[in-house]
Ligand SMILES: *Cc1c(COP(=O)(O)O)cnc(C)c1O
């Protein structure tokens, strides 16, 4: 087993650009911990920078845009929902690196007259935005399959114009991007090490699975024993999803020439808290968004971090997490969703809602 310093050197030998302010803060949620007799820590990936609206995509983008720069690319293409945090963070990071951002976005909610939240930020950043509307019953993946010819046509046009295009998957979740979360895992362990505390579990929202895959790669590299729990924000076939995540983690380990392997036993996925679906608020999760705000003065969002925080709190309340444990909530950002379409915000906008 390599030392933390050797693991970091291995990761940092990859092409990278510096975008965020790391290490991000790690602190205790005093009131939540006292009320539940569990030591709850929060890792502030929502505080990553570069702009006020950072989040978990920034670490991935440090490696992705590092690779884009090394290949001499001047244009970055990526995909997501219209309110995608990844798309907005990509546009931000691309501008920082002097590159042209091109976003292919799927509108899952009814289109609004006003441009809000991340789509507003994409507009201010001057990203080239292409929006495809989902037809009734279509998933985001279905829309991308249907619209692939239009996407290919635009990319070949850009190439013909002389641009070098760097094409990134949604969520920045490939074997390059997820190295950022192997990095984050090492950072978390070092922060706890300095406090003389061993964390028992790390909770994160999981969507494309890249963040969880990166954390799992970090766990395999370091041989640490902490539980990794991904709270799903969308429905997934558990076996297929876990295999996809371990395969992705192993590709990343291959990229850095590490021999350690990630197996599906190294992490878990919890599909109990995303209902009714992606970008559709869960009323109980919204209750916990209010709880976190009213106990700690912290904001989380209805699409990702609020559902993940809720999943962790439910496990604490129902005794799946033992009293006295040390648990970590990875705050992945996403709070711009609080300013998005009413269908995404749900009952958070209701006055006098009590918990
Ligand atoms: C993208 C995102 C996630 C999920 O990360 P994945 O790597 O796609 O699983 C979680 N929280 C927020 C706020 C995000 O934007």
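For the stretch 134-157, the set of residues classified as more than 16 Å from the ligand (Cβ to nearest atom) and either within 29 Å of residue 258 (Cβ to Cβ) or buried (at least 18 other Cβ atoms within 10 Å of the Cβ) (or both) consists of 143 only. Kindly indicate the residue of the stretch 12-32 that is in contact with a strand residue (DSSP E or B) (Cβ under 8 Å, 6 or more places away or on another chain) and surrounded by fewer than 17 Cβ atoms within 10 Å (Cβ to Cβ) and also farthest from residue 94 (Cα to Cα) among those meeting that condition. Checking each candidate, the answer is 28. Scanning the stretch 175-192 for residues that are under 23 Å from residue 322 (Cβ atoms) and touching a helix residue (DSSP H, G or I) at 6+ places or on another chain (Cβ under 8 Å) yields 185, 189. Taking the stretch 67-113, which residues are surrounded by fewer than 23 Cβ atoms within 10 Å (Cβ to Cβ), at negative phi and assigned to a loop (DSSP other than H, G, I, E, B)? Listed by number, the residues that qualify are 71, 73, 74, 97, 99, 108, 109, 110, 111, 112, 113. Please tell me if residue 51 is within 16 Å of the ligand (Cβ to nearest atom), surrounded by fewer than 22 Cβ atoms within 10 Å (Cβ to Cβ), at pLDDT 95 or above and not in a helix (DSSP H, G or I). Answer is yes for this residue. Between 131, 77, 58, the distinction of being away from the ligand (no atom under 16 Å from the Cβ), in contact with a strand residue (DSSP E or B) (Cβ under 9 Å, 6 or more places away or on another chain), within 20 Å of residue 337 (Cβ to Cβ) and modelled with pLDDT of 95 or more belongs to 131 only.
The values are calculated or read from the model by the stated rules, or taken from the named source; none is laboratory data. Small disclaimer: the values here were computed from a predicted structure and weren't measured. Cβ: placed from backbone, ideal geometry, glycine included. Neighbour counts: every protein chain shown.
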